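Working notes, beginning with the structure itself.
The values are calculated or read from the model by the stated rules, or taken from the named source; none is laboratory data. Since the model is a prediction, treat every value here as computed from it, not as a measurement. Positions of Cβ are backbone-derived with ideal geometry, glycine not excepted, and every protein chain shown enters the neighbour counts. For the accessible areas, the whole protein counts, side chains as well, though only heavy atoms, and no ligand, DNA or RNA atoms are used. Shrake-Rupley method; radii C 1.70, N 1.55, O 1.52, S 1.80 Å.
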Amino acid sequence: MLYKEFLDYRLSQIGIGTYLGTSDQDTDRRYYETITEGIQKGINVIDTAINYRNMRSEKVIGDVLKNINREKVVISTKGGYIPVPYYINEDPTQWFKRAFVQKEIVSPKEITETGNIITPRFIDWSFEKSLENLNTEYIDIYFLHNPEDQLLKFNRDTFYKKIWTVFRLLEGKVHEGKLKYYGLATWNGLRVPEDHQQHIDLKKIFDIAREVGGENHHFRFIQLPYNIAMIEAYTLKNQRINGESLTTFEASKQLGLYTYISSPLMQRRLVRPVHQQILERFRVKKFSHIPIQFVRSTEGVGTVLIGTSRKEHLIENLEIQEIPPLKPEEIDSMIKERGY
């Protein structure tokens, strides 16, 4: 297994994502087997979110943690969406009103049309519930989940003020020993043009973290999609630092942020037969390895999160570790040519 050094971590180049799959016991069992197998093979990065599979993904990881040394794995989770637990026996709307609105954890006016909520009270509830689900005393990285959805409802000044208040909460979690680092897990925010409604200014976010937590703040991670079909993080100069236009990968490097990459296979839609010449260019023998080879070889990529609940897919994915990555300049040439 290849690893990357960052701060006090040694992170596996490939991590396991837990978004995919239905909310049932059979999928739980397969995730348990897959995560356990991955850890045995050297993977130490496991990513989830409180709303994935109605909290079941977090619960499965918690079950795995009962049987291993907690220090062996880096667990990241996310908060920002309404998580309907798998165990409730009432109408979800009524449950939400009773559990959140009546207890004044959430006000309806704080919810975007996508169901996104970024407030200290809601994130505090989500964080503590994730600790419980994950069966752990601390979370390694806590991501705000698609915070750009807030920009669909609130103006930019309000948005950044909301980020400020939640970062203050998360710095408090660090001081309590419940959290090590935090970040943003985005879908659109870091790969759209500057004039897009959902664009996130990474330097602005970084400055907020520094204002809240000082020079030793704990905003150190971002997560975003990047793959052969979605190359904006590498090509689109949508970030600005000291007057210089940069891509998200370039800005992350300047700011000292580690990148988690989501959707490298686009839920396996990028796994399809190709001509032998393409396999040779990527120096792989299986077409399923092409999208992984592309992403992991790109300069600026940290850990590649591959979502799978099937052990056989995990084992096949990890075969890539026996193959040398391409040189960054080879990826750059491919992107410029657009000749996949």
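Selection among N146, H275, N133 by position relative to the dipole of the chain gives H275 as farthest towards the positive end (Cβ unit charges, Cα centre).
Write down the accessible area per residue of region 237-340 in Å², having rolled a 1.4 Å probe over the full set of protein chains. Per-residue value: 48 Å².
Of the heavy-atom accessible surface of region 1-110 (probe 1.4 angstrom), what whole percent is carbon and sulfur?
46
Where both bridge residues fall in region 196-319, DSSP classifies roughly 35% of the beta bridges as antiparallel.
About its Cα centre, the chain has a charge dipole of approximately 280 debye under the convention of +1 per Lys or Arg Cβ and -1 per Asp or Glu Cβ, with nothing else charged.
If both residues of a DSSP beta bridge must be in region 139-261, then about 20% of such bridges are antiparallel.
Nearest 5 percent is fine: what portion of the DSSP beta bridges confined to the chain is antiparallel? Roughly 25 percent of the beta bridges in the chain run antiparallel, per DSSP. Each Lys and Arg adds +1 at its Cβ and each Asp and Glu adds -1 at its Cβ; summed about the Cα centre, region 60-99 shows a dipole of about 160 debye. Taking every Cα-Cα distance in region 162-213 and sorting them into 10 Å bins starting at zero, the pair-distance distribution P(r) comes out as 24, 46, 25, 5 percent. In a fully extended conformation the segment linking H196 and T165 would gain 8.8 nm over its present Cα-Cα distance, using 0.36 nm per residue.
Normalising the average separation of contacting C-alpha pairs (under 8 angstrom, six or more residues apart) by the number of residues puts the relative contact order of the chain at 16 percent.
What region 14-67 shows is 36 Å² of accessible area per residue, with the surface traced by a 1.4 Å probe over protein heavy atoms. Using a cut-off of 27 Å between Cα atoms, the listed pairs K72/K97; K41/K336; K4/K78; K253/K327; K204/K253; K103/K173 include K72/K97; K41/K336 as exceeding that distance. Our estimate of slack between L7 and R268, defined as 0.36 nm per intervening residue step minus the Cα-Cα distance, is 90.8 nm. Rounded to the nearest Å, what's the spacing between the alpha carbon centres of region 101-170 and region 63-82? Just the number, please. Each part's Cα centre sits 19 Å from the other's. For the chain, a Gaussian network of Cα nodes joined below 10 Å ranks Q94, Q223, Q150 by mean-square fluctuation, and the top entry is Q94.
Net length available on complete extension from E244 to I315 is 21.3 nm, with 0.36 nm assigned per residue and the Cα-Cα distance removed.
Computed from the Cα positions only, the extents of the chain along the three principal axes stand at 61, 51, 36 Å, in decreasing order. Comparing I39, F206, G189 along the charge dipole axis of the chain, the residue lying farthest to the positive side is I39, per the Cβ-charge model. Taking only protein heavy atoms and a 1.4 Å probe, the accessible area of region 133-254 is 45% carbon and sulfur. A Cβ-based charge dipole, computed about the Cα centre of region 214-264 with Lys and Arg at +1 and Asp and Glu at -1, lands at about 20 debye. Each Cα pair under 8 Å and six or more residues apart adds its sequence gap; the mean of these over the residue count of region 35-168 is a relative contact order of 30 percent. Annotation note: GluC sites (Glu not before Pro) in region 40-97 located in DSSP loop regions with a Cβ neighbour count of at most 13 within 10 Å are E90.
Summing Lys and Arg as +1 and Asp and Glu as -1 over all other residues whose Cβ lies under 11 Å from the Cβ of E244 gives a net charge of +2.
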